[in-house]
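Following: one structure in structure tokens, then a few remarks.
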Amino acid sequence: MKLCGISVRIIPLGAFARFNLGFALGLTLLSLTGCAWTNTSNSTSHSTSNSESANAFKNKINSAERAPLKVLIVDGQNNHYIWPKSTAMMKAFLEESGQFSVDVYRTQYTWRGEKLIEQYPANDDRAHETVTEAKTDPTFAPEFSKYDVVVSNFGWKAAPWPEATKRSFEQYMQNGGGFVSVHAANNAFPQWLEYNKMIGIGGWGGRNQKDGPYIYYNDSGELKRDMSAGQGGGHGYVHPFDVQVRKGSHPIMQGLPETWEHSDDELYNRLRGPAGNLTVLATAFDDKKHNGFGRHEPVLMTVNYHHGRVFHTTLGHGENVYADPMFITVFTNGVAWAAGAKRTEQAQNK
Ligand SMILES: [Zn+2]
């Protein structure tokens, strides 16, 4: 459908209607009445600059229609108490896109989210036990290789995965797996070097200059890799903010406006890490009037990790975000793109 002079995907409102009908109806109205975003004047300027990769991406989507891409959402320990619900919302909107089949695999020991765990079970045929301090689950061993892409809904203070599981995940990714890091997943596992390489940049957990540069844009539109000393991670007050596209030619960003207004959310700042093979797809200005840091912070990124692909969104603090049509569109694109690596590898090996 056309909105504000650009083509956008029709959002499957049914996915989140199950979670909050009133909010979904409000969003329906919003999408029908026009622009939920701003500054679309240059929205088509990049549409032909990378048509080859766009076609390759479309082919992947088309092949996905024949055989759904297999997604595994892993979760169980996250400081954001909504995590069982946000997992269920991601599963619902991904499946309603028609491109994916989604399984959930949860740690045996779950931390936070107590009431919502019963309401939104993982259905993973595993026993679960709530603990007051996150601790390593020795039984946590997803069969990553069965999936095209793994989505992490872990968060701050999540306990490390067992060593064998970490090695298994590294192998999966190095062989061409897909990974999606959502919001506080980039707070997790600060001591795991290969994980830090996968997410590119992260925050908290003692991350600082030893982990790599700060990544941000300055007011002149230049990407900065800043090795100055200081902590990694921070955010101002929850507020709505504009997302600004920095690489519109990327398949994940095809057909999107140059900027749009994002729902109330935390805007992570001062993330830092190895930042190898990292592409910033979009930023948001972290305004000091919202207790921000005054930089244009990355909010959507990709990382190429060996043969694997990572899509990293810093967005997703509250459940409202998982009902935001633009978040759903970009996230769905990101999951499809990350999943594409494994399918491509398999095709090439035939
Ligand atoms: Zn948060």
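The values are calculated or read from the model by the stated rules, or taken from the named source; none is laboratory data. Just so you know, these numbers come straight off a predicted model, no measurement behind them. Cβ sites come from the backbone with ideal geometry, for glycine too, and all protein chains shown count toward neighbours.
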Inset, instruction - Would you mind stating whether GLY113 is crowded, with 21+ Cβ neighbours inside 10 Å and at pLDDT 95 or above? - result: no
Inset, instruction - Look through GLN191, GLN171, GLN231, GLN244 and report the one residue that is surrounded by fewer than 23 Cβ atoms within 10 Å (Cβ to Cβ) and under 18 Å from the mean Cα position of the chain (by Cα). - result: GLN244
Inset, instruction - Give the residue, chosen from ALA184, ALA164, ALA158, that is within 16 Å of the ligand (Cβ to nearest atom) and assigned to a helix (DSSP H, G or I). - result: ALA184
Inset, instruction - May I ask you to list the residues in segment 289-337 that are in contact with a Gly (Cβ under 9 Å, 6 or more places away or on another chain), in a loop (DSSP other than H, G, I, E, B) and closer than 22 Å to GLY232 by Cβ? - result: ASN291, GLY292, PHE293, THR314
Inset, instruction - Would you be able to say whether some residue in segment 110-117 is in contact (Cβ under 8 Å) with a residue 40 or more places away in the chain and aromatic (Phe, Trp, Tyr)? - result: yes
Legend entry - Residue among GLU297, GLU345 that is more than 23 Å from ILE215 (Cβ to Cβ) and either acidic (Asp, Glu) or modelled with pLDDT of 95 or more (or both): GLU345
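Tell me, please, whether a residue that is more than 21 Å from LEU69 (Cα to Cα), among the aliphatic types (A, V, I, L, M), part of a helix (DSSP H, G or I) and within 16 Å of the ligand (Cβ to nearest atom) can be found in segment 83-105.
Initial filter on segment 83-105 (more than 21 Å from LEU69 (Cα to Cα)): 83-85.
From the residues that got through so far, the ones that are among the aliphatic types (A, V, I, L, M) too are none.
Within segment 83-105, not a single residue is more than 21 Å from LEU69 (Cα to Cα), among the aliphatic types (A, V, I, L, M), part of a helix (DSSP H, G or I) and within 16 Å of the ligand (Cβ to nearest atom).
For segment 269-292, which positions are away from the ligand (no atom under 16 Å from the Cβ) and more than 16 Å from the chain's Cα centre (by Cα)?
If we filter segment 269-292 for residues that are away from the ligand (no atom under 16 Å from the Cβ), which is where we start, we get 272-283, 285, 287-289.
Across segment 269-292, the qualifying residues are ARG272, GLY273, PRO274, ALA275, GLY276, ASN277, PHE285, ASP287, LYS288, LYS289.
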Inset, instruction - Check off (1) within 16 Å of GLY203 (Cβ to Cβ); (2) touching a Gly at 6+ places or on another chain (Cβ under 8 Å) for GLU258 and give me the number that stays unchecked. - result: (1)
Inset, instruction - Search segment 315-338 for residues that are of a type in the set (D, E, K, R) and pair each with any residue that is part of a helix (DSSP H, G or I) and more than 16 Å from the ligand (Cβ to nearest atom) when their beta-carbon atoms are under 8 Å apart and the residues are at least 6 apart or on different chains. - result: ASP324/LEU27
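Is it true that some residue in segment 233-254 is in a strand (DSSP E or B), in contact with a Phe, Trp or Tyr (Cβ under 6 Å, 6 or more places away or on another chain) and not acidic (Asp, Glu)? It would help to see each step written out before you state the result.
Just the residues of segment 233-254 that are in a strand (DSSP E or B), to begin with: 234-235, 239-245.
Applying the additional criterion that residues be in contact with a Phe, Trp or Tyr (Cβ under 6 Å, 6 or more places away or on another chain) yields 235, 243.
The next check asks that each one be not acidic (Asp, Glu); those that pass are 235, 243.
For segment 233-254, residues in a strand (DSSP E or B), in contact with a Phe, Trp or Tyr (Cβ under 6 Å, 6 or more places away or on another chain) and not acidic (Asp, Glu): present.
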